[in-house]
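The values are calculated or read from the model by the stated rules, or taken from the named source; none is laboratory data. Note that the structure is predicted; figures quoted are calculated from it, not measured. Here the Cβ positions follow ideal geometry from the backbone for every residue, glycine too, while neighbour counts run over all protein chains shown.
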Amino acid sequence: MTTLAKKRPWPTVGLLVGAAWMSALATATPAHAQDAARPADAPPLVPVALARDGNFRIAPPYEVDPAFTVRPDVPKGRVIRFMMDSRGSEIYPTAPQGGRGRGGGDEGEPQPFERRVAVYVPPGYVPNTPAPFIVVQDERWYVKEDAPDGRTDLPFMATMLDNLIHEGRIPPIVAVLLAPGPGRQRSIEYDEVSDRYAMFVESEVLPRITRDYQVAFTDDPEGRATFGESSGAAAAFTMAWFHPELYHRVISYSGTFVALRTDPETAPNGAWDYHETFLPNTERKPLRIWLHVSENDNGSDRDAESMRNWVIANDRMAAVLAEKGYPHQYIFSEGVGHVSRPVQLQTMPEAFEWVWQGYEPSQE
């Protein structure tokens with residue numbers, strides 16, 4: 001069996017210090033000026049290191065990793081894009097109407113909807129061959145053609161995956177990128193602490209892709225990963241937590257491990273229960289977890305009793321993962337807020353490389 005190449009074609013991006021990332025990106029302030037802006041008593045920075053687990057601390061200015069640059073010498077994968085009509089779903093046939101909201105009521109007459117799906121297929125893929133893959137929540141942020149308002153300052157995954165695969169930094173994976181349902185439906189799918197969303201992916205999304213596009217997926221949980229930001233990150237962790245026989249690898253940006261959608265019987269504090277009770281009181285599962293939070297993330301000025309402070313929630317996730325002996329990396333990014341795109345553009349390639357370490361293809 002083959003293993004991932006250990007070479008590093010590009011040096012680790014320099015982690016400089018500074019004031020707000022917006023100012024740094026706009027003015028390209030020299031490093032010595034950025035140093036002066038960081039408080040002298042600030043905690044020491046800890047650059048991300050692929051070779052070890054643990055906690056890391058990074059600061060502005062954040063640099064775009066070269067993996068997001070299109071290279072003419074690199075073979076290109078293809079991106080399949082299609083829509084799923086919710087009327088064909090047994091799990092999410094409709095979405096509540098009536099505006100946006102996090103974890104609130106679902107008032108409004110339910111209506112069917114269409115869901116965007118994109119599938120990245122690596123170069124050289126042989127149709128109907130079981131492939132390792134990653135399920136990505138909030139599809140539009142990572143697919144150039146579906147970027148909101150034509151934005152170009154986003155971490156488009158197809159380019160990154162082309163480069164990482166070509167350089168041997170990750171295996172030739174398929175990426176399944178899913179948009180959530182509209183409005184409150186996103187919270188229903190992502191913030192619910194249950195296996196419903198994982199079963200939707202497993203029983204409806206993956207079979208549809210195999211049937212219509214001849215892209216097959218490995219059954220080996222070592223070759224299955226999940227990815228998300230915010231509530232999508234909670235969904236990514238939930239998929240692996242409830243079904244470790246399906247998913248072993250998780251990437252989480254600004255994970256919503258707080259009390260949004262609660263259930264008095266199964267999760268009285270919603271995703272806050274992961275670090276409060278579920279992880280501490282459960283035998284370690286075979287998961288490998290990369291997680292991130294920002295200094296000014298959602299609720300950063302709230303107390304722990306509110307169960308709505310993303311920084312505290314992710315700090316506690318990292319602490320309990322360490323206590324239980326989970327392979328994990330935890331990245332704290334200074335000077336930015338919730339789901340910082342500059343941070344993603346700097347860290348995502350190494351996050352993918354770290355989370356896929358140790359993967360060996362099974363014989364299927």
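Take the residues of the stretch 321-337 that are touching a Phe, Trp or Tyr at 6+ places or on another chain (Cβ under 7 Å) and farther than 29 Å from Arg284 by Cβ: which is surrounded by the most Cβ atoms within 10 Å (Cβ to Cβ)? Per the criteria, the residue is Gly335. Restrict the check to the stretch 229-241 and report whether at least one residue is farther than 24 Å from Pro155 by Cβ and at pLDDT 95 or above. Within the stretch 229-241, one or more residues are farther than 24 Å from Pro155 by Cβ and at pLDDT 95 or above.
Only one residue in Arg186, Arg169, Arg116 is within 17 Å of Ala235 (Cβ to Cβ), buried (at least 18 other Cβ atoms within 10 Å of the Cβ), charged (D, E, K, R) and modelled with pLDDT of 95 or more, so which one is that?
Details: Arg169 fails: within 17 Å of Ala235 (Cβ to Cβ); Arg116 fails: buried (at least 18 other Cβ atoms within 10 Å of the Cβ).
That would be Arg186, the only listed residue that is within 17 Å of Ala235 (Cβ to Cβ), buried (at least 18 other Cβ atoms within 10 Å of the Cβ), charged (D, E, K, R) and modelled with pLDDT of 95 or more.
Scanning the stretch 263-270 finds no residues that are within 30 Å of Tyr359 (Cβ to Cβ) and not in a loop (DSSP other than H, G, I, E, B).
Is there a residue being surrounded by 12 or more Cβ atoms within 10 Å (Cβ to Cβ) and either over 23 Å from Tyr330 (Cβ atoms) or modelled with pLDDT under 95 (or both) anywhere in the stretch 48-66? Scanning the stretch 48-66 turns up at least one residue that is surrounded by 12 or more Cβ atoms within 10 Å (Cβ to Cβ) and either over 23 Å from Tyr330 (Cβ atoms) or modelled with pLDDT under 95 (or both). Among residues of the stretch 297-320 being touching a Gly at 6+ places or on another chain (Cβ under 9 Å) and surrounded by fewer than 17 Cβ atoms within 10 Å (Cβ to Cβ), the one that is nearest to His275 (Cα to Cα) is Ser306.
What residue, of Thr282, Thr266, is over 28 Å from Pro155 (Cα atoms) and touching a residue at least 60 places away in the same chain (Cβ under 8 Å)?
Thr266
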